[in-house]
Amino acid sequence: MEAIRQEIARTVRRILLERFGEAPERVAVEYPPQPGMGDLASPVAFEMARRLRRAPRDIARELAAAFPPLPGVAGVASGGAGYLNVSLDRAAAARALAREVASPAPPSDGEKIIVEHTNINPNKAAHIGHLRNAVLGDTLARCLRFSGRRVEVQNYIDDTGVQVADLVIGFRDILRGGVEEAKAVGDRFDQFCWDLYARVTEMYTAFPEKLALRPPVLKALEEGHGEIAALGAYLTRRIVNCHLDTMARIGVRYDLLPWERDVLAFRFWETTFALLKERRAITLVAEGERQGCWVMALEGRRFADLKEGEKILVRSDGTVTYVGKDIAYQMWKFGLLPADFRYEPFRDEPDGHRVWTTTRRPGASPRPAFGGGARVYNVIDVRQAYLQAIVVEGLRSLGHREQAERSTHFSYEMVALTPKSAETLGLPLNEEDRGRPYLEMSGRRGLGIKADDLLDALEKEALREVTWRAPDLDPREAAALGRDIAVGALRYLMIKYTRNKVLAFDFDEALSFEGESGPYLQYAVVRARGIFEKMAAAGGPDEAEAARLARAAEFNLPAGEGAEEHWALLMQIARFRETVAQALETLELSQIAKYAFALAQKFNSFYHKYPVMKEPDARWKTARVVLTHLFLAQMRHAFALMGIPVPARM
RNA sequence: GCGCCUGUAGCUCAGGGGACAGAGCAACGGCCUUCUAAGCCGUGGGUCAGGGGUUCGAAUCCCUUCAGGCGCGCCA
């Protein structure tokens, strides 16, 4: 569809230049809102009207008259107050679409793209905010791969920060324990830590002097040896495994886990620090409050509110701030550091996918090449926009302008709780809280919905629906269906909103499997497949035969409303790839969700109105078999991008 | 205070120069001897926050006011 749109735009532009001597740089070709206005349309005559001092309608008429025969185009006419309406050759369009849906994914090659996402502090269980991050990041990676890009997914583990330090303090100073006591904790270790971490925060509130415990623990974690570091290493590794388990439930995979302690151990920071000093991008503060700190001066409106116009990269005690380490990490991602990590397998997922980790041990060989990306997407919520801007500014100040421009902060708004959801969790709310549109979650206070709890609730609800509909189903099969439906519901929920909108989480909405939801889309697909199952069993065309019919489609249906509805479904199916391309361009993945939903709606309506298997007229039947096949094939592609499973039945 | 984001139907949200502003939920009324009712069809519901401007054309772009959120740490 994209090819023909561009061809029409080029042709219109050429005619304009030939006949009027001028034309806009870009000729818009859009989809008309109503049937009867053609399949594609351009409002270019309106734009030209003023420049040419002529009525738009006249210009559109002249354009239509001058339009040459074009492969794939059946007719051109002027319409409305001056639109140029183009009708397509339907048979050709159907055949082209049949080839497109059957074409294999392009090989992933060329420049490497690094997508960093998830990045949960390894001191507690993942919550629903982390799910939004992981689903967006994973969907982005899938879309990039679908469009032929080579992608490496990294999940950065910040194991030397304050949050981990506080968890270590929880084990050491509240539980009076160490590695052995931690090992004794049973299942759901991350949830145990969730509660313990909240207790540490309570301790600081009650006894502020306890905050003095923190700096030495931080320092020990950074230095990476001794008992504290050993405890930290045990806790973080075990929690990261919990996070990977959680994410595996919704089909999210990683290629590499870079650990912050290794950014330090392999002297990435020291190297970057030296470069920054050499470039005079940072200075040592000689006096005042910040005496002894290394700071980066930042100019421009974006940074106008920064205290002193500077950002501290090295604290007066010599430890590095998060931003400092992140600049070094970003440098490595682009292959701009002379050093590299060492690597070893972290674990193998049940599907055989191997997750690698950075390591201070000798490292494994052979191994894939990591880092050295040509473009980097950092999937991080909008509250860190400031820090991300500083990281990019760091690259720029080191002279890496191009890499700075190829660094993209894929930002999205946070997930919050509706007051109703918060009360369901048993949180005490005052009048002001109840009046708010949403309440922010807080890992520090243990306030939020854990990812595994939400997934459990979704699976339970889905299983209830499954067994209600099919009481005799084998329990294992029912459980598998429940999982598929839960994943579909969750992933659709997480991408259906535009990214710059706060997602106010509501239990009732999340647990609803009707209307604009993942299960609605899954149901449409299952129904389409059901048609082929029934037909194949009755000796009719199966999916492979339908694909052959589609490649030879004639699509010459008796003119009328029915034909237009069939055609409208085909047009919607055809818009998939341009939707994906646009989603990648704008980084607005919700467009894919909205597209798939609209397509499922059209199909459900079609399904209800037009029998496929039992249609006696061969022309209609073939057209419907072809449409059902095209719908199913395209939806499978869309599901693969969104990570939504196709349940065996519903 | 400064910066960023948001304001569209009762609620949650699409649409971000182009043809009469859309969807889901909720409400109401229909449709299961016909490929699965997690579905389909229909009804009602709008000062696109307010004001000014640009344009042949503005929910969309610009200015401004109001309301809400987030950010501005030797936390991340």
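State whether one or more residues within region A:587-604 are within 14 Å of RNA strand B (Cβ to nearest atom), under 27 Å from A:SER87 (Cα atoms), in a helix (DSSP H, G or I) and over 26 Å from the mean Cα position of the chain (by Cα). Step through it out loud before you land on a result.
At the first step, the residues of region A:587-604 found to be within 14 Å of RNA strand B (Cβ to nearest atom) are A:587-604.
Add one more test, that the residue is under 27 Å from A:SER87 (Cα atoms), and what stays is A:591-592, A:594-604.
With the extra rule that they be in a helix (DSSP H, G or I), the set shrinks to A:591-592, A:594-604.
Cutting the leftovers down to over 26 Å from the mean Cα position of the chain (by Cα) gives us A:604.
Within region A:587-604 (the criterion being within 14 Å of RNA strand B (Cβ to nearest atom), under 27 Å from A:SER87 (Cα atoms), in a helix (DSSP H, G or I) and over 26 Å from the mean Cα position of the chain (by Cα)), the answer is yes, since at least one residue qualifies.
Output the number of the condition that A:ASP340 fails; it satisfies all remaining conditions of (1) modelled with pLDDT of 95 or more; (2) surrounded by 18 or more Cβ atoms within 10 Å (Cβ to Cβ).
Going through (1) modelled with pLDDT of 95 or more; (2) surrounded by 18 or more Cβ atoms within 10 Å (Cβ to Cβ) one by one, A:ASP340 breaks only (2).
Enumerate the pairs (first residue in region A:552-566 and part of a loop (DSSP other than H, G, I, E, B); second residue anywhere and of a type outside the set (S, T, N, Q) and surrounded by fewer than 16 Cβ atoms within 10 Å (Cβ to Cβ)) with beta-carbon separation below 7 Å, excluding pairs fewer than 6 apart on the same chain, so at least 6 apart or on different chains.
As it stands, the answer is A:ALA553/A:ALA91; A:GLU554/A:ALA91; A:PHE555/A:ALA91; A:ASN556/A:ALA91; A:LEU557/A:ARG619, since those pairs meet every condition given.
Among the residues of region A:385-401, is there at least one that is within 16 Å of RNA strand B (Cβ to nearest atom), open to solvent by 50 Å² or more (accessible area, probe 1.4 Å) and assigned to a helix (DSSP H, G or I)?
Just the residues of region A:385-401 that are within 16 Å of RNA strand B (Cβ to nearest atom), to begin with: A:385-394.
Filter once more, so that each one left must be open to solvent by 50 Å² or more (accessible area, probe 1.4 Å): A:386, A:393.
So of that shortlist, the ones also assigned to a helix (DSSP H, G or I) come out as A:386, A:393.
Scanning region A:385-401, I find at least one residue that is within 16 Å of RNA strand B (Cβ to nearest atom), open to solvent by 50 Å² or more (accessible area, probe 1.4 Å) and assigned to a helix (DSSP H, G or I), so the answer is yes.
Name the residue, out of A:LEU211, A:LEU196, that is in contact (Cβ under 8 Å) with a residue 12 or more places away in the chain and open to solvent by less than 80 Å² (accessible area, probe 1.4 Å). Walk me through it before giving the result.
Details: A:LEU211 fails: in contact (Cβ under 8 Å) with a residue 12 or more places away in the chain.
Selected residue: A:LEU196, the only one of A:LEU211, A:LEU196 that is in contact (Cβ under 8 Å) with a residue 12 or more places away in the chain and open to solvent by less than 80 Å² (accessible area, probe 1.4 Å).
Only one of these is polar (S, T, N, Q), outside any helix (DSSP H, G or I), more than 30 Å from A:PRO645 (Cα to Cα) and modelled with pLDDT of 90 or more: A:THR272, A:THR236, A:THR283. Name it.
When all the criteria are applied, what remains is A:THR283.
For region A:311-323, give me the residue count where each residue is more than 8 Å from RNA strand B (Cβ to nearest atom) and surrounded by 13 or more Cβ atoms within 10 Å (Cβ to Cβ). Before you say what the answer is, go through the steps one by one.
So in region A:311-323, the residues more than 8 Å from RNA strand B (Cβ to nearest atom) come out as A:313-314, A:318.
The next check asks that each one be surrounded by 13 or more Cβ atoms within 10 Å (Cβ to Cβ); those that pass are A:313-314.
Final tally of qualifying residues: 2.
Just the residues that are over 21 Å from the mean Cα position of the chain (by Cα) and closer than 22 Å to A:ILE312 by Cβ, please, taken from region A:400-422.
Of everything in region A:400-422, those that are over 21 Å from the mean Cα position of the chain (by Cα) and closer than 22 Å to A:ILE312 by Cβ turn out to be A:HIS400, A:ALA404.
Pairs please, first residue from region A:375-390 and among the acidic types (Asp, Glu), second anywhere and buried (at least 20 other Cβ atoms within 10 Å of the Cβ), Cβ atoms under 7 Å, 6+ apart in sequence or on different chains.
A:ASP381/A:ASN133; A:ASP381/A:TYR412
Only one of (1) under 25 Å from the mean Cα position of the chain (by Cα); (2) over 30 Å from A:GLU405 (Cα atoms); (3) open to solvent by 50 Å² or more (accessible area, probe 1.4 Å) fails for A:TYR83. Which number is that?
Against the list (1) under 25 Å from the mean Cα position of the chain (by Cα); (2) over 30 Å from A:GLU405 (Cα atoms); (3) open to solvent by 50 Å² or more (accessible area, probe 1.4 Å), A:TYR83 comes up short only on (1).
Consider A:ALA165 carefully, then state whether it is open to solvent by less than 50 Å² (accessible area, probe 1.4 Å) and in the same structural domain as A:PRO350 (by TED's automatic domain parsing). Can you show your working first?
Details: open to solvent by less than 50 Å² (accessible area, probe 1.4 Å): yes; in the same structural domain as A:PRO350 (by TED's automatic domain parsing): yes.
Judged against the criteria, A:ALA165 is a match.
Can you tell me how many residues within region A:224-258 are crowded, with 17+ Cβ neighbours inside 10 Å and of a type in the set (Asp, Glu)?
So the answer is 1.
I'm checking my understanding of the structure. Among residues of region A:172-196 that are assigned to a helix (DSSP H, G or I) and of a type in the set (Asp, Glu), which one is farthest from A:ILE239 (Cα to Cα)?
Restricting attention to region A:172-196, the residues satisfying the condition of being assigned to a helix (DSSP H, G or I) are A:172-174, A:179-184, A:189-196.
Among the residues that remain, those that are also of a type in the set (Asp, Glu) are: A:173, A:180-181, A:190, A:195.
Numbers: A:ASP173: 20, A:GLU180: 16, A:GLU181: 15, A:ASP190: 5, A:ASP195: 13 Å.
In this case the residue turns out to be A:ASP173.
Mind checking whether some residue in region A:508-526 is under 31 Å from the mean Cα position of the chain (by Cα), in a helix (DSSP H, G or I), away from RNA strand B (no atom under 14 Å from the Cβ) and under 30 Å from A:ALA96 (Cβ atoms)? I'd like the intermediate steps shown before the answer.
Restricting attention to region A:508-526, the residues satisfying the condition of being under 31 Å from the mean Cα position of the chain (by Cα) are A:508-526.
With the extra rule that they be in a helix (DSSP H, G or I), the set shrinks to A:508-510, A:518-526.
Filter once more, keeping what is away from RNA strand B (no atom under 14 Å from the Cβ): none.
No, every residue in region A:508-526 fails to be under 31 Å from the mean Cα position of the chain (by Cα), in a helix (DSSP H, G or I), away from RNA strand B (no atom under 14 Å from the Cβ) and under 30 Å from A:ALA96 (Cβ atoms).
If you go through region A:154-177 one residue at a time, do you hit one that is under 16 Å from the mean Cα position of the chain (by Cα) and either among the basic types (Lys, Arg) or within 30 Å of A:GLU578 (Cβ to Cβ) (or both)?
Step one: list which residues in region A:154-177 are under 16 Å from the mean Cα position of the chain (by Cα), which gives A:154-155.
Now narrow it down to the ones that are either among the basic types (Lys, Arg) or within 30 Å of A:GLU578 (Cβ to Cβ) (or both): A:154.
Checked against the condition, which is being under 16 Å from the mean Cα position of the chain (by Cα) and either among the basic types (Lys, Arg) or within 30 Å of A:GLU578 (Cβ to Cβ) (or both), region A:154-177 yields at least one hit.
In region A:423-452, what residues are modelled with pLDDT of 90 or more, within 14 Å of A:PHE505 (Cα to Cα) and in a helix (DSSP H, G or I)?
Within region A:423-452, A:ALA451 is the sole residue that qualifies.
Just checking, does region A:631-648 include any residue being open to solvent by 30 Å² or more (accessible area, probe 1.4 Å), assigned to a helix (DSSP H, G or I), touching a residue at least 12 places away in the same chain (Cβ under 8 Å) and closer than 27 Å to A:MET37 by Cα?
Within region A:631-648, not a single residue is open to solvent by 30 Å² or more (accessible area, probe 1.4 Å), assigned to a helix (DSSP H, G or I), touching a residue at least 12 places away in the same chain (Cβ under 8 Å) and closer than 27 Å to A:MET37 by Cα.
I need the full set of residues from region A:115-137 which are outside any loop (DSSP other than H, G, I, E, B) and β-branched (Val, Ile, Thr), in order please.
Within region A:115-137, A:VAL115, A:ILE128, A:VAL135 meet the criteria.
With the requirement that a residue be open to solvent by less than 30 Å² (accessible area, probe 1.4 Å), within 13 Å of RNA strand B (Cβ to nearest atom) and not β-branched (Val, Ile, Thr), what does region A:412-446 give you?
Listed by number, the residues that qualify are A:TYR412, A:MET414, A:ALA416, A:LEU417, A:PRO419, A:SER421, A:LEU439, A:MET441, A:SER442, A:GLY443.
Here's the yes/no breakdown for (1) under 19 Å from A:ALA528 (Cα atoms); (2) buried (at least 22 other Cβ atoms within 10 Å of the Cβ); (3) in the same structural domain as A:SER147 (by TED's automatic domain parsing):
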{"site": "A:ALA552", "(1), (2), (3)": "no, no, no"}
{"site": "A:ALA563", "(1), (2), (3)": "no, no, no"}
{"site": "A:ILE592", "(1), (2), (3)": "no, yes, no"}
{"site": "A:LYS609", "(1), (2), (3)": "yes, no, no"}
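Might you let me know whether region A:292-308 holds any residue that is near RNA strand B (Cβ under 6 Å from one of its atoms), acidic (Asp, Glu), farther than 18 Å from A:GLY372 by Cα and surrounded by fewer than 17 Cβ atoms within 10 Å (Cβ to Cβ)? If you could, list the steps in order and put the result at the bottom.
First pass over region A:292-308, keeping only residues near RNA strand B (Cβ under 6 Å from one of its atoms): A:293, A:301-302, A:304-307.
Right, trim to acidic (Asp, Glu) and you get A:305.
Restricting the remaining residues to those that are farther than 18 Å from A:GLY372 by Cα gives A:305.
Retained after the next criterion (residues that are surrounded by fewer than 17 Cβ atoms within 10 Å (Cβ to Cβ)): A:305.
Within region A:292-308 (the criterion being near RNA strand B (Cβ under 6 Å from one of its atoms), acidic (Asp, Glu), farther than 18 Å from A:GLY372 by Cα and surrounded by fewer than 17 Cβ atoms within 10 Å (Cβ to Cβ)), the answer is yes, since at least one residue qualifies.
Out of all the residues in region A:43-50, is one or more open to solvent by 90 Å² or more (accessible area, probe 1.4 Å), within 8 Å of RNA strand B (Cβ to nearest atom), at pLDDT below 95 and part of a helix (DSSP H, G or I)?
Here is the first cut: in region A:43-50, the residues open to solvent by 90 Å² or more (accessible area, probe 1.4 Å) are A:47, A:50.
Remaining after also requiring within 8 Å of RNA strand B (Cβ to nearest atom): A:47, A:50.
Imposing the further condition that a residue be at pLDDT below 95 reduces the set to A:47, A:50.
From what is left, the residues that are part of a helix (DSSP H, G or I) are A:47, A:50.
Yes, that holds for at least one residue.
Testing A:GLY148 on (1) closer than 30 Å to A:ASN500 by Cβ; (2) within 16 Å of RNA strand B (Cβ to nearest atom); (3) loosely packed, with under 15 Cβ neighbours inside 10 Å, one condition comes back false. Which one is that?
Here A:GLY148 meets the rest and fails (2).
Within region A:460-483, is there a residue that is at negative phi, touching a Lys or Arg at 6+ places or on another chain (Cβ under 8 Å), open to solvent by less than 20 Å² (accessible area, probe 1.4 Å) and free of Cβ contacts under 8 Å to residues at least 40 places away in the same chain?
Yes, because at least one residue in region A:460-483 is at negative phi, touching a Lys or Arg at 6+ places or on another chain (Cβ under 8 Å), open to solvent by less than 20 Å² (accessible area, probe 1.4 Å) and free of Cβ contacts under 8 Å to residues at least 40 places away in the same chain.
Examine region A:259-270 for a residue that is more than 12 Å from RNA strand B (Cβ to nearest atom), open to solvent by 20 Å² or more (accessible area, probe 1.4 Å) and in contact with a Phe, Trp or Tyr (Cβ under 6 Å, 6 or more places away or on another chain), and state whether such a residue exists.
Yes, that holds for at least one residue.
Which count do you get for residues in region A:30-42 that are touching a Ser or Thr at 6+ places or on another chain (Cβ under 8 Å) and near RNA strand B (Cβ under 8 Å from one of its atoms)? Break it down stepwise before answering.
The first filter runs over region A:30-42 and keeps only residues touching a Ser or Thr at 6+ places or on another chain (Cβ under 8 Å), leaving A:30, A:38-39.
From the residues that got through so far, the ones that are near RNA strand B (Cβ under 8 Å from one of its atoms) too are A:30, A:38.
Residues flagged as touching a Ser or Thr at 6+ places or on another chain (Cβ under 8 Å) and near RNA strand B (Cβ under 8 Å from one of its atoms) within region A:30-42 amount to 2.
Over 41 Å from the mean Cα position of the chain (by Cα), surrounded by fewer than 16 Cβ atoms within 10 Å (Cβ to Cβ) and assigned to a helix (DSSP H, G or I) - does that describe any residue in region A:63-80?
yes
The values are calculated or read from the model by the stated rules, or taken from the named source; none is laboratory data. Every value quoted in this text rests on a predicted model; they were computed, and no experiment measured them. Quick reminder, even Gly has a Cβ in these numbers, built from the backbone with ideal geometry, and neighbours come from all protein chains shown. Heads up: the accessible areas ignore ligands, DNA and RNA and are worked out on the full protein's heavy atoms, side chains in. Shrake-Rupley method; radii C 1.70, N 1.55, O 1.52, S 1.80 Å.
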